[in-house]
Structure formats: structure tokens, C-alpha cells
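Contents: one structure, followed by commentary.
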Amino acid sequence: MPGDDVSKILVSEDDIKVRVLELAEEISENYKNESFVLVGVLKGAFIFLSDLVKSIKSRCSIDFIVTSSYGLTGTSFSGKVKLLKDISQPIKGKNVIVVDDILDTGSTLNFVLEHLSSYEPKSLEICTLLSKPDRRRINIDAKYVGFTIPDEFVVGYGLGYNEEYRNLPYVGVLKEEIWKVRA
Ligand code: IMP
Ligand code: MG
């Protein structure tokens, strides 16, 4: 079972539920009178975005962007990001919130922000479930952050390793022997 490869649960299912609801309420309050577009960064954001949007009360639409990282091997990341799939609706003059699973070095969200800025949205904010500030290489200002976590490789609630573990309902630390062996 995938849960056997997790050494400890960092954020429990219950903690995630409570925090996601808080974030949804904060966003709903900030966009009481204006609509916005939620842009999920696939694949990592798929569960977070689904849960978040169910509790958002404001008028909003959903879109997705798919990125891939060049030279992503195991748990290390080269920092070069490629666009695999763009959003499918115009966002010029609209409020946009980018939803991602984790803000790590910052390369992915920096790339996504630069890309979406070129479409001239009215506003552009970030909502990330997790943030690992110790690993940051590019300074990114995220308005909505679920949990700040230490520098450990985590899986679950959408986050994967070699495309597995995304279905775990919590965020857990992947046992070192798993990524050390396969990396
Ligand atoms: P960035 O370094 O912020 O650009 O993140 C690089 C990519 O690695 C993103 O797609 C993240 O979703 C992913 N990533 C970063 N840290 C972790 C982790 O601890 N577990 C799973 N994926 C991660
Ligand atoms: Mg991601």
C-alpha cells in the first residue's frame, strides 16, 4: 500500500479540511463583488483545487495549466520549466488566482506568473497548499498559503513521486529509502 512508504504524516486529513475551508472563506470574502478565474497547475493541484472550489462562495471559473520540469529526476529539480498545456479561456482584464500544490524553489510558479502576466490579467495571486521556504531560490509572493513545512520530500493530497502516492488523503514524508533507491 502507498501509505507504507510514508515515514510520518506531516499534515493530517482533518488539518487539511479545516485549512482548505479557511482559505476558501478568505478568498470568498476578498472576491465578494467580483468574479475570478482559478488556474490550477497540474497535476499536483488537482485535489486541492477540487476541495477548495467546493467551498468558495464567489462567482468563479476554473482553468488548468500543465507544466513540466526539465531534468526532474527523483526529488531534485533543474529549475527549467516547460509549458505543456496552456489555459483555454481569455484572462485579459480578469482576476486570476493560480492554485498549486507546493511552492518549493519557486521556479514553477515564477514561470507560470510570468506566462500568465503576458495575458494582462487585472490581478494575479497565488494560492498554494504548501510552502517550503528553506528551499526558495526565487522570491515569490504567495497571498494564500495553506501550510509552511520543513525541507522534506512530501507526497499525498495530489503531490506525487514518480507519478505515485497522489491518492493519499494526507501529506506525508516519503521514506528516504524509497527516493534514494529509485532516484
Ligand atoms: P518548484 O521548485 O517550486 O518549482 O517546484 C518544482 C516541482 O516539484 C513542482 O511541480 C512541485 O509540485 C514539485 N515538488 C516540490 N517539492 C515537492 C515535494 O516535496 N513533493 C512532491 N513534489 C514536489
Ligand atoms: Mg506543482
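The values are calculated or read from the model by the stated rules, or taken from the named source; none is laboratory data. Predicted, not measured: the structure shown is a model, and the values here were computed from it. FYI the Cβ positions are ideal-geometry reconstructions off the backbone, even for glycines, and counts take in every protein chain you see.
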Task: Pairs where the first residue, in segment 8-21, is of a type in the set (A, V, I, L, M) and the second is in a helix (DSSP H, G or I) and surrounded by 17 or more Cβ atoms within 10 Å (Cβ to Cβ), C-beta under 8 Å, 6+ apart - done: I16/D51; V20/F48; V20/D51; V20/L52
Open item on the list: Exactly one of these conditions fails for K92: (1) within 16 Å of ligand 1 (Cβ to nearest atom); (2) touching a Phe, Trp or Tyr at 6+ places or on another chain (Cβ under 7 Å); (3) assigned to a loop (DSSP other than H, G, I, E, B); (4) modelled with pLDDT of 95 or more. Give me its number.
Closed with: (1)
TODO: Within segment 106-121, identify whether any single residue is over 17 Å from the mean Cα position of the chain (by Cα), assigned to a helix (DSSP H, G or I) and either closer than 17 Å to V155 by Cα or modelled with pLDDT of 95 or more (or both), and answer yes or no.
DONE: yes
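Quick grid of which residues meet (1) of a type in the set (S, T, N, Q); (2) surrounded by 15 or more Cβ atoms within 10 Å (Cβ to Cβ):
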site: G3; (1), (2): no, no
site: V11; (1), (2): no, yes
site: S35; (1), (2): yes, no
site: R59; (1), (2): no, no
Open item on the list: Looking only at segment 133-149, filter to residues that are in contact with a Cys (Cβ under 9 Å, 6 or more places away or on another chain) and among the hydrophobic types (A, V, I, L, M, F, W, C); which one of those is farthest from ligand 1 (Cβ to nearest atom)?
Closed with: V145
Open item on the list: Which of the numbered conditions does P169 fail, given that it passes all the others? Conditions: (1) assigned to a loop (DSSP other than H, G, I, E, B); (2) without any contact (Cβ under 8 Å) to a residue 60 or more places away in the chain; (3) away from ligand 1 (no atom under 13 Å from the Cβ).
Closed with: (2)
TODO: Select from segment 150-163 the residues that are more than 8 Å from ligand 1 (Cβ to nearest atom) and part of a loop (DSSP other than H, G, I, E, B) and write down the one among them that is nearest to V41 (Cα to Cα).
DONE: G158
Task: Answer from K8, K17, K57 - the residue that is within 18 Å of T148 (Cα to Cα), over 18 Å from the mean Cα position of the chain (by Cα) and at pLDDT 95 or above - done: K8
- [ ] Look at segment 154-164 and say how many of its residues are touching a Phe, Trp or Tyr at 6+ places or on another chain (Cβ under 6 Å) and either among the small types (G, A, S) or closer than 17 Å to D14 by Cβ (or both).
- [x] 2
Task: Flag if N167 is loosely packed, with under 14 Cβ neighbours inside 10 Å and within 21 Å of L10 (Cα to Cα) - done: yes
